[in-house]
Amino acid sequence: MRNGTVPKILFVFYLVVLMLPIYWLIKMSLQTNTDIMSGLTLFPRNLTFEKYVAIFNDPTWVHAFGVSLSYVAINTVISVAVALPAAYAFNRYYFIGDKHLFFWLLTNLMAPAAVFAMPFFQLYYAVGLFDSIWAVVLAHCLFNVPLAVWILEGFVGGVPREIDETAAIDGYSFPGFFIRIFLPLIANGIGVTAFFCFMFSWVEQLLATTLTSTHALPFAAVMTRAYSVSGMDWSLLAAAGVLTMIPGAFVIWFVRNHIAKGFALGRV
Amino acid sequence: MIDKPVNNRAWFFVLPVLGVVLFSSIIPVMTVVNYSVQDTMGANSFFWNGDQWFRDLLNPTTTIGARFNDALFRTLAFSLACLLIEVPLGIALALCAPRKGWAVGISLVVIALPMLIPWNVVGTIWQIFTREDIGLFGAALVGLGLHYNVTQEPISAWMTIVVIDVWHWTPLVILLSYAGLRAIPDAYYQAARIDGASRWAVFFNIELPKLQKVLVIAVLLRFMQTFMIYTEPFVVTGGGPGSATTFLSIDLDKIALGQVDLGNAAAMSLVYYLITLTVCWIFFTIMTQLERRGDV
Amino acid sequence: MTSITLDRIAHAYGGKPRSESDYQLKPFQHVWEQGFAYALLGPSGCGKTTLLNIISGLVIPSEGRLLFGDKDVTHLPTEQRNIAQVFQFPVIYDTMTVAENLAFPLKNRRLAKPVIDRRVAEIAKMLDLSADLNRRARGLTADAKQKISLGRGLVRSDVSAVLFDEPLTVIDPALKWELRSKLKSVHRALDLLMIYVTHDQTEALTFADKVVVMNDGRAVQIGAPADLFYRPEHTFVGYFIGSPGMNFMPAAVKGDRADVAGFEVRLGAIYRDLSSDQSVQVGVRPEFVSATSGPGLPAQVRRVVDLGRKRLAHVTLGNHPLVVGIPREMEGVGDVVNISIDPANTHVYVADIRVQGTAP
Amino acid sequence: MTFVLDHIGFDVGGVRVIDDVCLTFQPASLNVLLGPTLAGKTTIMRLMAGLDQPTTGRLLHYGQDVTGTPVRKRSVAMVYQQFINYPSLTVYENIASPLRVAGVAKSQIDTRVREAARVLRLENLLQRMPGQLSGGQQQRTAIARALVKRAELVLLDEPLANLDYKLREELREELPRIFSHTGAILIYATTEPSEALLLAGSTVTLSQGRVTQFGPTAKVYREPAHIDAARVFSDPPLNELPIAKHNETIAVQQDRSLGRVNALSHLPDGTYCLAFRADAASIGPAATGELNFSGAVLVTEISGSESFIHVDVGIGTWVCLVSGVHDWAPGQTVTVNIDPTRVFIFDTSGQRVQANVVQGAEA
């Protein structure tokens, strides 16, 4: 498997196979249902954007898209903001119980959503947050805050400790140093962490649908409903699916060379 | 390098994280524990049930025990299958990936795309893709004469979920291995060339040892995600046919929100959670040990 | 394996040099003799590592030909060049023991086990590694790891040249001299061509039979350590070799006399007349200029530096700065001192190149 | 305005790393901390800067106890070995950083920064980012930042160790001049004795976290109080010869005995260590009045202006200095002549016991 031609062919073949299902969805979103039902084709016979137009004109879809984007954005901001000081503390100091706390965060990051679905339902119902964006925002903090801490801790480690000391010697107070010197140094780390929090919150479906019913129904929930109610409107479903891919595809280009560091919890 | 100082005032930095995660973690766990030791006769009246739920769950002869046992082994088999395919495939593809030039950026983005799609949309894609009337995958398999039907055939359903997971998450292993390989200084490859090492010798003696740290993380992430999979099987097969793809989280969801049998669901949740905790603990110790021994 | 020949080798990044300055390595013609130790010495960015990488095959030169013996290897890949290389930081196979590390190249060539074991034992003894043969390579000190890296090259009987890329950078200063003398004794024991890249003149002059002093991509002078010290062919070599470097004073030369700021300096040879506007300089090393109680040129003393084993005076002759040695027996030094310059070690440079005078 | 370390002790993980250090530095003085790697140079500097807190002892600045004062409030500047600058700020902002924090007027910042940049020849690099600079330029930026702050205490932790050989020579000349008129206490850590000698001022010799001697550099070099101080202050390593004095005869290990050594004449009988540096030994025919030993040449180290011949004389391996470039073939037998007037005698506890002061010009 020297880096000759054979590995290249294998790799390109894999990329094609990987993109095939996505292409299939895009193709179907540009076909009418009758066109789909009338048999298998590699290319849509007559291209139509009617389903996209339908979605954009339908207030429930647009509202759902807005709801999804808003709770994901708010969750990302909270996660990163809360995780920054913690990541600095974990990387720069030993303190009592730091190991156990870090482990506890890992367990929350890995906690099965199903285990928390029912308790969250009860909790937010009791607290009166049920069917509001805040329920999903706080629920997603369960795994997004630990994720943010893990990734940021890796990036904080990239800044040499001597820079903190030089700033102290120069006379910076800690807040002054943190904001004016330190944050700019891990700016791309913050960017990557925000991207991952956005993604992990955007892709999650179980908690988002469990904790909402009507007012704060996210895009995913509207999709599952569309799937069962409108009886196999495949192209509408495909169009909705394609729309959910746009945020990811748009942002990823900016963080492409840090993707691996993010997925490896900052440990690469 | 100066070692980290001990500074317990650092707790002030950590309090915000503690507050937020505690709220969304401890309170729910407390409710689960609370229900797991009670039973109900309906109409919101609960009575003490001690550890009865747990004894039933862990005793395969009882109905709920058998059900839990089946779901657990079904999920473990699924996790194992996914790991055995995804990890070697991921490493192999990382070795084939382009190392320099414009192709690197594009291939990284394309590889990462599947992981950015909401899990229910992944389910929808494959739900369509596996139908033999309108899906390429379904049509191809049926065309090959295989009796493939996701909704009726347990084997087809179970295999399909594995294929979906391999399609969805192998990119993660590729990216991690690729990053691990890129961290190897070029001098190692040059030394190996000078020593006349074969491609396999280079892989076993340089690349694999250096990938150790990254692979531990890849296996941890992959095991945990497969062990708690819910959305894809829920969308594509709804846990069916029968209970062929009713993994732990689907089963739990059915009991908790479907039958609203809180006691059983709570006990099951706790056992499920404890398993993930132990696995996390094992990996956490391995990772800290690797870190303390310095970069292998 | 006979010698390595560089036939007008030059290298420009991107391969399309427009002007002289685009060359990382300016055209270079030289033959490296078998069994000699060469050092590539120069400041950072002088092209020494580029030259080493061309010989090792990591870099294909944009111009010229590289010959091993009489075989053109310019485009031959590294593994077919039969070279060994020791890198800046120790490169060892962590998963293997010391013995397995040393045996690795021979195992790849599928030699018989007894042959491998004998060869490994022999090289281990030469490098004082016999005691650690069964230990895991990862736990050893940096200098032991560098010896293993060297050993992997030496076990091969077909190795043509051993390349060193600043191998002592990560070694503890106290252990440096030990590894240096080990490398030198290994060189004497094996009739191998060795090429050593460094920016430290002590390493270069100690290790090498011939030193290539490089600056700004050009080989300024190639010679034995003594030549570089006593007869620097270029002002850069005078400046770079020796600590502190050579003194240079603008002068006008006539016969065996040089007029430096109105003072007359006797020279060791007879030169044709050189007026001072032709950028003529007289160069003499501080070791050959000493303060004297006897007759000499009067110079103003700026500063005296006591280096323990010797004392130096920073003086000015006219308005040219000069570093002068103070003999041990001379107690105090006033603010004016007579200095005597040894004619035999005084050289004349025109446009930075040494001019050879005729014997008096 | 002195800076005093009063019985400073420092433990790391229960191990005593700095052991009862007492030092008083005078204002406007240059002090070299000389010692091998891990001798505690960096640790002492970090304690003086306030980056670490001492386990025992006090730090007095201008008579005031500053042990507990946070780093921020101290008048201190530090230059690290690996050229630490703020990567996200330009060279100008890097140098101006301490003044910006202190709230100095904008115009004054500009003049002081440009002045420091001129002194360190960074005038045309002010708008560059540290990442675009060479090693030497990055270290000059760090030094400029330390200079512009006009701190009363300036700590330089092996600032030249990572630089090219010739660049090191240049900066070594400039550094004392740069800080000489600021009136600050300058502390310069290094492992190289030649750097200490060239910087002059006074020198503190350190080994295993203990101060072995503190005094004017030339004096510490010529009159080491303890054998550890002599060992630290010798590069190449100090040559040592164990000897035993027994009523007027001075025996060397086997049966060899030495002639009269006036440095030993008045000492009581007992075992001593006769030590001498490479420049006190020469190679050539056995000169009269000198202690001479024959041995085989191991290797010759050529450093450009001097050559060091390593000779195995049976009792040990000694290093002799020869001026200029001379390469003795290894294995060749030569005679090492030791100049008896430039020899140190240490007793078994390592104290120097010589009565007469060794000759050699006073600085």
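Observations, loosely collected:
- Charged-residue dipole, Cβ positions (Lys, Arg, Asp, Glu), the range D:66-135 about Cα centre, Debye nearest 20: 180
- Computed over neighbours whose Cβ is under 10 Å from that of C:Arg65, the net charge equals -2, Lys and Arg +1, Asp and Glu -1.
- Counted by Cβ distance under 12 Å from C:Leu312, the other residues give a net charge of +3, where Lys and Arg count +1 and Asp and Glu count -1.
- For peptide A:234-242, the mean count of partner chain Cβ atoms within 10 Å of a residue's Cβ comes to 3.
- Spacing of the two label points (7 Å from each Cα toward its C-beta) at A:Leu47 and C:Arg110, in nm: 5.8
- Farthest positive-ward along the range D:3-227 dipole, Cα basis, beta-carbon charges - from D:Val71, D:Leu51, D:Gly13: D:Val71
- Using R0 = 45 Å, the C-beta based FRET efficiency linking D:Ala251 and D:Thr2 works out to 0.40.
- Rounded to the nearest 0.05, the FRET efficiency derived from the C-beta distance between B:Val29 and B:Gln259 at R0 = 25 Å is 0.70.
- The length gained by stretching the chain between C:Val31 and C:Leu133 to full extension, at 0.36 nm per residue less their Cα-Cα distance, is 32.9 nm.
- Extending 7 Å from Cα along the Cβ direction at A:Ile9 and again at B:Ile106 yields two label points whose distance is 2.0 nm.
- About its Cα centre, the range A:53-263 has a charge dipole of approximately 140 debye under the convention of +1 per Lys or Arg Cβ and -1 per Asp or Glu Cβ, with nothing else charged.
- Rounded D (µm²/s) - chain C, Kirkwood Rh over Cα pairs, Stokes-Einstein at 4 °C, 1.567 mPa s: 56
- As a proxy for reagent exposure, ranking D:His61, D:His181 by other Cβ atoms within 10 Å from fewest up yields D:His181, D:His61.
- Zone of D:Gln108's modelled label, taken as backbone nitrogen in the range D:141-162 under 17 Å from a point 7 Å along Cα→Cβ: D:147-152
- GluC sites (Glu not before Pro) restricted to DSSP loop in the range D:157-249 with at most 11 other C-beta within 10 Å: D:Glu248
- Greater than 25 Å apart at Cα, pairs in B:Lys4/D:Lys166; D:Lys41/D:Lys106; C:Lys48/D:Lys166; A:Lys99/B:Lys213; C:Lys125/C:Lys184: B:Lys4/D:Lys166; D:Lys41/D:Lys106
- Between D:Gln127 and B:Thr285, the modelled labels are 6.0 nm apart [label points 7 Å from Cα along Cα→Cβ].
- For the protein assembly as shown, the antiparallel share of DSSP beta bridges with both residues in that region comes to about 75%.
- Summing +1 for each Lys or Arg and -1 for each Asp or Glu among the other residues whose beta-carbon sits under 9 angstrom from that of A:Arg92 gives +1.
- Shielding of peptide A:93-103 by partners, expressed as the average count of other chain Cβ atoms within 10 Å per residue Cβ, is 5.
- In order along the range B:193-205, phi translates into HN-Hα couplings of 5, 4, 6, x, 6, 7, 4, 5, 4, 4, 5, 6, 9 Hz, rounded to whole numbers, per the Karplus curve 6.51 cos²θ - 1.76 cosθ + 1.60 with θ = phi - 60° and x for Gly and Pro.
- Dipole of the protein assembly as shown, positive direction: furthest Cα of B:Val173, D:Tyr272, B:Val29, with charges on the beta-carbon: B:Val173
- Average beta-carbon neighbours from other chains, 10 Å sphere, peptide D:319-326: 4
- Ranking C:Gln300, C:Gln221, C:Val211 by Cα position along the charge dipole of chain C, where only Lys, Arg, Asp and Glu carry charges on their C-beta atoms, puts C:Val211 farthest toward the positive end.
- Estimated FRET transfer efficiency (A:Thr60, A:Met37; beta-carbon r; R0 25 Å; 0.05): 0.50
- Within a Gaussian network of chain B (alpha carbon springs, distance under 10 Å), most fluctuating of B:Leu262, B:Leu15, B:Leu208: B:Leu15
Only the coordinates and a few stated rules stand behind these numbers; no lab work does. Note that the coordinates shown come from a computational prediction; the quantities given were computed from them, not determined experimentally. Positions of Cβ are backbone-derived with ideal geometry, glycine not excepted, and every protein chain shown enters the neighbour counts.
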